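Nothing in this text is a laboratory measurement; each read-out follows from the coordinates by a stated rule. Everything numeric here is computed off the predicted structure, so don't read it as measured data. As a convention, Cβ positions derive from the backbone with ideal geometry for all residues, glycine included, and neighbour counts pool all protein chains shown.
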Amino acid sequence: MRVKGRTYTYVVNKAEDGGYVAKCIELPQVHTEGETLAEVKKNMRDALTLAVDYIREKAKKEKGEVLEITIR
């Protein structure tokens, strides 16, 4: 399962020891780091994909219903 057609926002700060750290606003448990902003973006995409896949699979195992809502 892939994260498709969704936009997530994240905040990037310079790390004290160099590089950058980032945290997703919509899913605050998703965070990452990287030496460059490009690396942070790639790592965030990977982290979000893993997190969303995990959440969906967990809901299915718990017999939960996965629903979607779009806000603007």
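Listed values, structure above:
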| quantity | calculated |
| --- | --- |
| Rounded to 10°, Cα long-axis angle of helix 37-61 versus longest principal axis of the chain | 20 |
| Lys pairs under 27 Å by Cα in the chain, provided they are eight or more residues apart or on distinct chains | 16 |
| Given charges at beta-carbon only (K, R positive; D, E negative), |dipole| of the chain in Debye | 440 |
| Taking the chain and dividing mean pair separation by its residue count, relative contact order in percent (alpha carbons under 8 Å, at least six apart) | 22 |
| Residue-averaged [θ]222 nm for the chain, counting only DSSP H segments that reach four residues, each worth -39500 (n - 2.57) | -12500 deg cm²/dmol |
| Charge dipole of the chain about the Cα centre (unit charges at C-beta), most positive-ward option of MET44, VAL66, TYR20 | VAL66 |
| Entry for percent of Cα pairs over 19 Å apart (calculated from the structure that is shown) out of (i) 47; (ii) 52; (iii) 41 | (iii) |
